[in-house]
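First comes the structure, then the notes that go with it.
Each reported figure results from applying straightforward, stated rules to the coordinates on display, with no laboratory input. What you are looking at is a predicted structure, and each value in this text was computed from that prediction instead of being measured. Please note: Cβ atoms are built from the backbone with ideal geometry, for glycine as well, and neighbour counts cover all protein chains shown.
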Amino acid sequence: MLVRIGYGNKLKDDIWLGAMQCPNCGQEADFCLKRVQSYTSIFWVPITSRTIKRTIVCDHCGAGWEKNKEEYKALKKQQEEKLARGEFPDRIVARDYAPARLHKGRKIGLLVGALLVALMFLTMFAAIMGDLRERGIPLDGGSAAVLILLMALGVLPLIFALRSLVKTSRLQKTYNFYQARYQLQQQRRFQTGNPQGFPGGMQENR
């Protein structure tokens with residue numbers, strides 16, 4: 001059986017940090033927390049990932065400033081708390097957390113793929129165990145370790161896919177909260193004769 005394994009590095013957007021003047025380009029711009037991750041995948045479903053670099057990046061010029069793990073985690077936690085409290089600008093929520101940006105459908109597809117991978121490895125495990133029993137071969141320590149590794153390779157994609165989908169569902173709820181609040185504000189503006197248009201991303205579920 002052919003098992004397709006992939007690996008490489010990718011840049012992951014974490015969260016908006018704020019708008020400020022960039023020391024590099026001199027422009028007032030949005031800054032974001034971003035990580036460079038090294039990953040391994042089976043059939044395009046991630047099974048391992050490791051952060052190798054953490055940066056603050058200017059969205060205007062792309063300049064980045066590296067942060068250590070503790071500084072980065074503190075900044076990320078601070079921004080996640082602000083997002084949950086409803087303190088992010090609507091334009092940022094519309095840009096970063098609109099349903100089209102969250103790719104929930106694709107992540108559901110990855111979950112289905114991960115389930116198939118898990119079933120494939122489970123079938124392989126059962127076949128190997130059945131063959132060992134038929135031949136009367138005892139299961140020694142080395143063979144047991146190989147079988148445990150085999151099962152882990154089957155289960156890890158499922159864990160990663162589930163975690164990604166849960167996170168996406170949580171962010172979608174956050175987006176819906178901001179959108180509902182924005183629409184309520186719009187109703188009040190119409191009543192006072194001062195309406196404003198939706199931010200681009202928030203027109204999708206109007």
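Observations, loosely collected:
- Prolate/oblate/rounded call for segment 110-157, Cα gyration tensor, a/c under 1.5 rounded: oblate
- In the chain, the DSSP-assigned H stretches of four residues or longer account for a calculated mean residue ellipticity at 222 nm of -19000 deg cm²/dmol, using -39500 (n - 2.57) per stretch and the full residue count as denominator.
- Cysteines having no other Cys beta carbon under 4.7 Å from their own, within the chain: C32
- Proximity of backbone amide H atoms, modeled 1.01 Å from N, is registered between A63 and C58 at under 5 Å, excluding neighbours fewer than 5 places apart on the same chain.
- Between helix 141-192 and the chain: long-axis angle, C-alpha atoms, 0 to 90°, nearest 10: 20
- Near K53, the amide H atoms lying under 5 Å from its own belong to V36; only residues 5 or more places off or on other chains count, and H is placed 1.01 Å from N.
- The fraction of all Cα pairs in segment 87-134 landing in successive 10 Å bins from 0 to the largest distance is 22, 24, 19, 16, 11, 7, 1, given as whole percents.
- Net length gained if the chain between R135 and L119 were fully extended (0.36 nm per residue, minus Cα distance): 3.3 nm
- Nearest-ten-degree value, helix 104-135 long axis tilted from longest Cα axis of the chain: 10
- Rounded to 10°, Cα long-axis angle of helix 69-84 versus longest principal axis of the chain: 60
- Cα lying deepest toward the dipole's positive end in the chain, options L11, G26, F190, charges on Cβ: F190
- Amide H partners (placed H, <5 Å) of I15, local residues excluded: L33
- Three-way shape label, the chain, alpha-carbon gyration tensor, a/c 1.5: prolate
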